[in-house]
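Trainee: Dropping the structure in here first, questions after.
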Amino acid sequence: QVQLVESGGGLVQAGGSLRLSCVASESTSSIYAMGWYRQAPGKQRELVAIIRRGGTKTYADSVKGRFTISRDNAKNTVYLQMNSLKPEDTAVYYCNAVLGDNYWGQGTQVTVSS
């Protein structure tokens, strides 16, 4: 079982930046894919970005060019650098790991004020 602990959320003004971190209990080099999802009030959880074991990345169209996902295998940590934040980025952000099953963190709130 993989345990995931997110951090780095908070309140930021539109145009600002935040960096989310997700520390995994397993070696990230052994995990097939890790990613970030988000869920805004009244909406379904949606993919933000994923990074696969081989290094390939996928981004939601809404965050391309603004968000960057990266992985530090030495620290078993995945990051999401979020720049040029918009009010519509406000959501709870969840870390996800795929290692046989899907594993989720507890979520971290990101609030972007206009």
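The values are calculated or read from the model by the stated rules, or taken from the named source; none is laboratory data. Keep in mind that what you see is a predicted model, and the values were worked out from it rather than measured. Here the Cβ positions follow ideal geometry from the backbone for every residue, glycine too, while neighbour counts run over all protein chains shown. For the accessible areas, the whole protein counts, side chains as well, though only heavy atoms, and no ligand, DNA or RNA atoms are used. Shrake-Rupley method; radii C 1.70, N 1.55, O 1.52, S 1.80 Å.
Trainee: Here is a list: Val112, Val98. Which entry is open to solvent by less than 50 Å² (accessible area, probe 1.4 Å), in contact with a Lys or Arg (Cβ under 7 Å, 6 or more places away or on another chain) and in a strand (DSSP E or B)? Steps first, please.
Mentor: Details: Val98 fails: in contact with a Lys or Arg (Cβ under 7 Å, 6 or more places away or on another chain).
Being open to solvent by less than 50 Å² (accessible area, probe 1.4 Å), in contact with a Lys or Arg (Cβ under 7 Å, 6 or more places away or on another chain) and in a strand (DSSP E or B) holds for just one of Val112, Val98, which is Val112.
Trainee: Another question about this same structure. Being of a type in the set (A, V, I, L, M) and within 11 Å of Cys22 (Cβ to Cβ) is the filter here; which residues of segment 65-93 pass it?
Mentor: To start, the set of residues in segment 65-93 that are of a type in the set (A, V, I, L, M) comprises 69, 74, 78, 80, 82, 85, 91-92.
If the condition is that a residue be of a type in the set (A, V, I, L, M) and within 11 Å of Cys22 (Cβ to Cβ), then Ile69, Val78, Leu80 are the ones that fit.
Trainee: Regarding segment 83-90, can at least one residue be identified that is open to solvent by less than 80 Å² (accessible area, probe 1.4 Å), small (Gly, Ala, Ser) and assigned to a strand (DSSP E or B)?
Mentor: no
Trainee: Need the failing condition index for Ser62 against (1) surrounded by 12 or more Cβ atoms within 10 Å (Cβ to Cβ); (2) outside any helix (DSSP H, G or I), just the number.
Mentor: For Ser62, the failing item is (2).
Trainee: In segment 83-99, is there at least one residue being farther than 23 Å from Lys43 by Cα and aromatic (Phe, Trp, Tyr)?
Mentor: Checked against the condition, which is being farther than 23 Å from Lys43 by Cα and aromatic (Phe, Trp, Tyr), segment 83-99 yields no hits at all.
Trainee: Does any residue in segment 1-27 that is at positive phi come within less than 7 Å, Cβ to Cβ, of a residue that is crowded, with 17+ Cβ neighbours inside 10 Å and outside any strand (DSSP E or B) six or more places away or on a different chain, and which pairs are these?
Mentor: From residues that are at positive phi, the pairs are Gly15/Leu85.
Trainee: What strands (runs of 3 or more DSSP E) lie completely within segment 2-55 and have 1 or more residues being surrounded by 14 or more Cβ atoms within 10 Å (Cβ to Cβ) and not β-branched (Val, Ile, Thr)?
Mentor: Values: elements: 4-7, 10-13, 18-24, 33-39, 46-52.
In segment 2-55, 4-7, 18-24, 33-39, 46-52 are the strands (runs of 3 or more DSSP E) which contain 1 or more residues that are surrounded by 14 or more Cβ atoms within 10 Å (Cβ to Cβ) and not β-branched (Val, Ile, Thr).
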